[in-house]
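Shown next, in structure tokens, is the structure this report addresses.
Since every read-out is calculated from the coordinates, none of them should be taken as a lab result. Note that this is a predicted model, so its numbers are computed, not measured. FYI the Cβ positions are ideal-geometry reconstructions off the backbone, even for glycines, and counts take in every protein chain you see.
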Amino acid sequence: MRIHVVDHPLVAHKLTTLRDERTDSPTFRRLADELVTLLAYEATRDVRVDRVDLRTPVSATTGVKLSYPRPLVVPILRAGLGMLDGMVRLLPTAEVGFLGMIRDEGTLQPSTYATRMPDDLTGRQAYVLDPMLATGGTLIAATRLLIERGALDVTALCLLAAPEGVEVMRKAFEDSEVQVTVVTAAVDERLNEHGYIVPGLGDAGDRLYGTAG
């Protein structure tokens, strides 16, 4: 498994405002959207393309276009939905699947309650959207599901990651024949006793949609 921390002043600037507890939900949604587009730029460096011939108003030349089948973007409900617009802005022709997963706050283990994506993902590149890589359970379960369905490689975009979650991901996919990559804005200090990232930014879903409490 590879992890890529996007070290860029604009990324750090937007992440700082996302962390601030005074940032309201509308501002949080806008900044998360902008941040995801910056992360997506880095995450799609290895997106598959085909060469094409074309003619400009001046001469003949060659270029590239996205290969078929198109990439699959999979937000993990519900917080991953807040990342979808920022991702498809960069990949407007991508297909979108949905994966509903919830973490038991007692055991911290994930369970799947909804799946809407192709059964056969053979040869597909998949991009998973999940704001927080905390314990790693949800992202591991989602990645395994995509691999089981035949995904060619899986890249996860996370606003933040915890070192514990990164290590669990490494161990889970260290022998995988499928390339797994995590692209994030920062790896924070640790997880607390409740499985939240410290210093983190709180519950991403609540801050996106204003249902804290």
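Considering Asp130, Asp206, Asp153, Asp175, which residue is surrounded by fewer than 22 Cβ atoms within 10 Å (Cβ to Cβ), under 26 Å from Asp24 (Cα atoms) and of a type in the set (Asp, Glu)? Break it down into steps so the answer makes sense when it comes.
Working: Asp130 fails: surrounded by fewer than 22 Cβ atoms within 10 Å (Cβ to Cβ); Asp153 fails: under 26 Å from Asp24 (Cα atoms); Asp175 fails: under 26 Å from Asp24 (Cα atoms).
Selected residue: Asp206, the only one of Asp130, Asp206, Asp153, Asp175 that is surrounded by fewer than 22 Cβ atoms within 10 Å (Cβ to Cβ), under 26 Å from Asp24 (Cα atoms) and of a type in the set (Asp, Glu).
Here's the yes/no breakdown for (1) part of a strand (DSSP E or B); (2) buried (at least 18 other Cβ atoms within 10 Å of the Cβ):
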{"position": "Ala12", "(1), (2)": "no, no"}
{"position": "Leu18", "(1), (2)": "no, yes"}
{"position": "Glu21", "(1), (2)": "no, no"}
{"position": "Pro26", "(1), (2)": "no, no"}
{"position": "Leu39", "(1), (2)": "no, yes"}
{"position": "Lys65", "(1), (2)": "yes, no"}
{"position": "Ile76", "(1), (2)": "yes, yes"}
{"position": "Leu99", "(1), (2)": "yes, yes"}
{"position": "Ile102", "(1), (2)": "yes, no"}
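Of the conditions (1) part of a loop (DSSP other than H, G, I, E, B); (2) under 24 Å from Val187 (Cα atoms); (3) small (Gly, Ala, Ser), Gly80 clears all except one; give me its number.
(1)
Given Val182, Val168, which one is touching a helix residue (DSSP H, G or I) at 6+ places or on another chain (Cβ under 9 Å) and in a strand (DSSP E or B)? Even if it seems obvious, please write down each step before you answer.
Numbers: Val168 fails: in a strand (DSSP E or B).
Criteria check complete, one pass: Val182.
Return the residues of segment 185-196 that are out of contact with any helix residue (DSSP H, G or I) (no Cβ under 8 Å at 6 or more places or on another chain) and closer than 15 Å to Asp130 by Cβ; say none if nothing qualifies.
Gly195, Tyr196
Given (1) surrounded by 14 or more Cβ atoms within 10 Å (Cβ to Cβ); (2) β-branched (Val, Ile, Thr); (3) under 20 Å from Asp50 (Cα atoms), identify the lone condition not met by Thr93.
Thr93 satisfies all of (1) surrounded by 14 or more Cβ atoms within 10 Å (Cβ to Cβ); (2) β-branched (Val, Ile, Thr); (3) under 20 Å from Asp50 (Cα atoms) except (1).
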